[in-house]
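Written below as structure tokens is the structure these notes are about.
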Amino acid sequence: MTDNNVWQMTLDRLDATMDLLNLTPGIRKYLRTPRKILEVAVTVKMDNGDIDIFTGFRIQHNTNRGPAKGGIRYHPDVTRDEIKALALLMTLKCTVVGIPFGGAKGGVVVDPKKLSLRELENLTRRYTFEIINNIGPDTDIPAPDVNTNPQVMAWIMDTYSIDEGHAVPGVVTGKPIEMGGSLGREYATSLGCVYTILSTLKVKGIDTTDLDAVVQGFGNAGYHCARILYDMGFKIIAVSDSGGAILNKKGLDPYRVLEHKDKTKSVKGYRDAEDISPEDLLVLECDVLVPAALENQITEANAADIKASIVAEAANAPTTPKGEEILLKNGVFVIPDTLCNAGGVTVSYFEWVQGNLSYFWSEREVKLKLRDIMEKAFYEVYKVVQDKKVDMRTAASLLAVERVARAIKLRGIYP
Amino acid sequence: MTIGSKQKKSVWDMTKERLNSVMDTLHLSRGLKEYITEPRKVVEVSVTVKREKGDIDIFKGWRVQHNTNRGPAKGGIRYHPDANLDEIKALALLMTLKCAVTGIPFGGAKGGVAVDPATLSKNELENLTRRYTFEIINIIGPEKDIPAPDVGTNARVMAWIMDTYSIDKGYSVPGVVTGKPIALGGSQGREEATGRGVVYSLLSALKVHQIDTTDLAIAVQGFGNVGSNAARILYDLGFKIVAISDAGGAIHNKAGIDPHKAFKHTEEAGTVAGYKDADTMGRDGIFEVDCDVLIPAALENQIKKSNAGLIKAKFIAEGANAPTTLEADRILNDKGVFIIPDILCNAGGVTVSYFEWVQGNDAYFWSKRKVDLSLRDIMEKAFYEVYEVSKERKVDMRRAATILGVERVAEAVELRGIYP
């Protein structure tokens with residue numbers, strides 16, 4: 001898929017939502033157009049003595065509901081169109097969960113594996129400096145994304161703070177705990193996903209957790225989903241990662257699977273389970289399927305064979321539009337990514353609040369507040385489903401677009 | 001791959017190619033070459049405007065800072081429906097070179113909004129300008145990046161930018177833009193600065209060729225700000241203006257034309273064509289008239305393969321930006337025509353912009369005489385520096401100017417080093 005398509009696809013989906021609402025052409029164009037795109041040359045003195053220049057982006061899609069918020073990725077395939085699409089999705093995600101942020105995304109076209117630690121640090125600091133006038137705790141708050149991590153966030157926070165002359169922890173989220181990172185952020189996406197699954201069970205009148213769950217992907221999001229579901233009494237019958245998939249109908253212990261994966265780099269070969277093909281994993285007999293890996297996993301090719309009654313999208317865009325059509329026809333309840341995996345940005349929001357206050361919450365407080373927000377968002381989306389007779393994804397988008405459009409109208413146009 | 005890659009080469013690719021052909025002859029590392037080529041910062045913004053009819057509309061705006069190693073970025077802002085990122089990148093790069101060649105302490109920038117200002121009410125134009133200013137407000141400023149008028153913008157627009165920026169700061173900041181109205185701190189002489197700079201370059205060129213007469217025939221292509229001012233100043237110095245053209249046609253009189261009168265005619269008739277004390281001809285006739293000096297002062301790519309061979313002038317002073325194509329350049333060089341290249345020849349505009357910035361920051365304003373004398377100093381110095389490079393390295397003036405520009409920027413990059 002070319003990068004052009006990612007942006008076009010995102011616009012097509014947005015258009016489909018906006019078609020259901022009564023918006024003026026001006027408001028539609030406003031929502032389709034990112035507010036600000038920065039493209040900067042990130043110059044780095046390389047270890048070989050010469051300089052090299054990497055292209056960096058920061059895109060703020062919308063700031064009507066609050067400061068822009070979104071991750072920064074370091075990847076050789078980063079393109080402007082991809083970043084634009086992801087920034088727009090962040091606008092919708094923050095709006096669905098009702099946190100006071102707009103959407104942004106950033107990236108540098110670089111393969112970080114080819115940089116020394118010093119080069120990586122200098123790249124991060126120079127990139128930060130080039131966008132420094134456009135980020136800030138009240139303006140635009142970056143976070144980790146593909147190939148960036150708490151260390152990179154600490155460098156960004158340091159560069160920004162030195163420039164300001166005082167510590168500004170609120171300029172980024174996803175910081176190390178000792179720099180003001182929030183407790184619970186590591187598993188926030190997964191816990192949020194689980195809360196949406198619990199809400200789904202509730203509206204469906206199912207009051208047991210004695211259910212079979214399958215988790216695709218065993219990275220940060222997948223592992224924690226499996227672990228939390230397991231702790232709550234779900235039976236994790238199968239998990240997978242890029243190395244393979246495993247099945248045990250009597251249930252797996254995700255803690256032990258992780259130990260195995262830490263040793264062997266894959267879940268494959270775990271002794272209390274049988275190895276199966278990753279394709280078979282998605283179509284196993286189960287109640288809940290959690291795609292927590294890459295995009296475009298549930299497609300028209302396999303959607304008809306999926307037997308789960310609930311699909312919880314912990315990953316971004318795991319279901320193609322055609323795949324979803326089939327799932328919906330078969331009565332599968334899909335919790336869409338913009339709602340299902342919004343726990344990450346929600347705890348990022350908590351981290352920002354804590355940083356601005358310089359007052360830090362207990363892990364218990366984080367979890368309870370996350371549950372409040374995820375439940376509220378779920379029921380708000382579900383109400384739109386019932387009122388307008390649409391699916392959950394359409395409902396989430398409708399809710400978000402209406403809220404952003406309302407914010408635009410309330411604030412008016414400057415000057 | 002960009003969408004435009006299947007189409008013909010963009011102006012940005014062409015500009016890079018020209019620059020690279022010069023840089024390849026210099027001792028620069030691969031990284032330094034890339035650094036000098038690529039813009040430091042590109043900002044693309046949505047400019048949202050509440051239209052008179054009630055709905056909102058969104059226009060795309062850009063500000064590109066190509067290089068800031070020698071000082072704040074400097075360059076115009078254009079309002080034009082065809083404005084696009086590639087064009088603005090190319091123009092920003094040329095501003096870097098132009099400022100470096102003239103030795104003024106600026107880097108290069110350019111901005112634009114893809115809008116046809118003729119379709120906006122005055123109110124909408126003001127709101128568009130203020131919103132665009134606000135969207136780029138964090139990256140402009142008298143110490144960072146200083147806009148100026150360009151296609152579709154004027155002193156009025158600069159006043160709005162200055163006002164928006166000043167309100168945001170809480171105090172007046174005249175140095176944030178140049179090309180302001182005189183009443184707001186604009187410089188004396190800015191109106192005619194580019195034309196005057198063209199004249200000073202030409203005088204230097206004549207001097208190094210030991211031509212010490214003003215009894216020379218001049219043809220001026222384009223009779224807008226640059227062409228008309230250059231013609232009037234040359235006429236006042238005693239030169240003979242034998243032909244003038246504009247979009248509507250050309251006029252010719254071997255015995256000489258009074259450009260003051262021709263300008264009055266143009267103001268009334270909308271074109272020089274039909275001026276009574278000269279013969280009117282097709283506008284391309286300007287390239288064939290007998291003359292000593294040709295001043296292209298209109299659009300880019302006017303002197304090309306098809307007409308370069310017909311040109312009889314011994315000197316070409318490029319008042320316009322990029323009036324000569326690569327092929328035409330080669331033909332003219334082979335014929336021994338002395339070309340004063342755009343980045344040197346028309347740098348008078350940005351030089352007096354620089355004076356305006358200095359005066360604004362100082363809150364102390366110069367006389368017209370002081371502006372003219374200071375402009376002459378800078379233009380003459382730049383000319384001789386470029387001429388020396390051209391003699392020493394045995395290259396034409398265009399190549400010499402680019403070499404000088406690139407070497408000055410490269411030196412600044414190396415001296416400052418790379419942050420952090």
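Does residue A:214 satisfy being at pLDDT 95 or above, crowded, with 24+ Cβ neighbours inside 10 Å and not assigned by TED's automatic domain parsing to the domain that holds residue A:106? Judged against the criteria, residue A:214 is a match. The condition (being in contact (Cβ under 8 Å) with a residue 12 or more places away in the chain and in contact with a Gly (Cβ under 6 Å, 6 or more places away or on another chain)) is satisfied by just one residue among B:205, B:148, B:159, B:217: B:148.
Looking across A:311, A:381, A:353, one residue alone is β-branched (Val, Ile, Thr) and surrounded by fewer than 19 Cβ atoms within 10 Å (Cβ to Cβ). It is A:353. Do you know which of the residues in segment B:124-143 that are of a type in the set (S, T, N, Q) and assigned to a helix (DSSP H, G or I) is surrounded by the fewest Cβ atoms within 10 Å (Cβ to Cβ)? Restricting to residues being of a type in the set (S, T, N, Q) and assigned to a helix (DSSP H, G or I), the top hit is B:127.
Among the residues in segment A:96-117, are any buried (at least 20 other Cβ atoms within 10 Å of the Cβ), within 14 Å of another protein chain (Cβ to nearest Cβ) and farther than 20 Å from residue A:39 by Cβ? The answer is no, given that none of the residues of segment A:96-117 is buried (at least 20 other Cβ atoms within 10 Å of the Cβ), within 14 Å of another protein chain (Cβ to nearest Cβ) and farther than 20 Å from residue A:39 by Cβ.
Checked across segment B:57-77, the condition of being in contact with a His (Cβ under 6 Å, 6 or more places away or on another chain) and within 19 Å of residue B:322 (Cα to Cα) holds for no residue. Condition first: part of a loop (DSSP other than H, G, I, E, B), among the aliphatic types (A, V, I, L, M), more than 27 Å from residue B:150 (Cβ to Cβ) and modelled with pLDDT of 95 or more. Can you find one or more residues in segment B:217-232 that meet it? No: zero hits.
Let's see how each residue does on (1) β-branched (Val, Ile, Thr); (2) more than 18 Å from residue A:194 (Cα to Cα); (3) in a strand (DSSP E or B):
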| residue | (1), (2), (3) |
| --- | --- |
| A:275 | no, yes, yes |
| A:296 | no, yes, no |
| A:334 | yes, no, yes |
| A:344 | no, no, no |
| A:354 | no, yes, no |
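If you check A:55, A:33 for being farther than 20 Å from residue B:38 by Cβ, within 14 Å of another protein chain (Cβ to nearest Cβ) and among the hydroxyl-bearing types (Ser, Thr, Tyr), only one passes: A:33. Scanning segment B:342-369 for residues that are touching a residue at least 40 places away in the same chain (Cβ under 8 Å) and either of a type in the set (Lys, Arg) or surrounded by fewer than 18 Cβ atoms within 10 Å (Cβ to Cβ) (or both), we see that the one that is farthest from residue B:188 (Cα to Cα) is B:361. Within segment A:150-165, is there a residue that is part of a strand (DSSP E or B) and over 19 Å from the mean Cα position of the chain (by Cα)? The answer is no, given that none of the residues of segment A:150-165 is part of a strand (DSSP E or B) and over 19 Å from the mean Cα position of the chain (by Cα).
Is at least one residue of segment B:238-246 part of a helix (DSSP H, G or I), closer than 30 Å to residue B:378 by Cβ and under 24 Å from the mean Cα position of the chain (by Cα)? No; the residues of segment B:238-246 include none that is part of a helix (DSSP H, G or I), closer than 30 Å to residue B:378 by Cβ and under 24 Å from the mean Cα position of the chain (by Cα). Scanning segment A:5-51 for residues that are of a type in the set (Gly, Ala, Ser) and either touching a Pro at 6+ places or on another chain (Cβ under 7 Å) or part of a strand (DSSP E or B) (or both) yields a count of 1. Could you say whether any residue in segment A:362-378 is among the hydroxyl-bearing types (Ser, Thr, Tyr), touching a strand residue (DSSP E or B) at 6+ places or on another chain (Cβ under 9 Å) and outside the structural domain of residue A:145 (by TED's automatic domain parsing)? No, because not a single residue in segment A:362-378 is among the hydroxyl-bearing types (Ser, Thr, Tyr), touching a strand residue (DSSP E or B) at 6+ places or on another chain (Cβ under 9 Å) and outside the structural domain of residue A:145 (by TED's automatic domain parsing). Candidates are the residues of segment A:37-52 that are touching a Ser or Thr at 6+ places or on another chain (Cβ under 6 Å) and among the charged types (D, E, K, R); the one that is farthest from the other protein chains (Cβ to nearest Cβ) is A:47. The set of residues in segment B:104-123 being buried (at least 17 other Cβ atoms within 10 Å of the Cβ) and within 11 Å of chain A (Cβ to nearest Cβ) is empty. Just wondering, is there one or more residues in segment B:370-378 that are among the basic types (Lys, Arg), part of a helix (DSSP H, G or I), away from every other protein chain (no Cβ under 14 Å) and farther than 21 Å from residue B:74 by Cα? Yes, some residue in segment B:370-378 is among the basic types (Lys, Arg), part of a helix (DSSP H, G or I), away from every other protein chain (no Cβ under 14 Å) and farther than 21 Å from residue B:74 by Cα. The set of residues in segment B:46-72 that are part of a strand (DSSP E or B), buried (at least 21 other Cβ atoms within 10 Å of the Cβ) and in contact with a Pro (Cβ under 9 Å, 6 or more places away or on another chain) comprises B:46, B:63, B:64, B:65, B:66, B:67.
Restricting segment A:370-415 to residues that are within 14 Å of another protein chain (Cβ to nearest Cβ) and in a helix (DSSP H, G or I), which is farthest from residue B:50 (Cα to Cα)? Out of the qualifying residues, it is A:404.
The values are calculated or read from the model by the stated rules, or taken from the named source; none is laboratory data. Since the model is a prediction, treat every value here as computed from it, not as a measurement. Please note: Cβ atoms are built from the backbone with ideal geometry, for glycine as well, and neighbour counts cover all protein chains shown.
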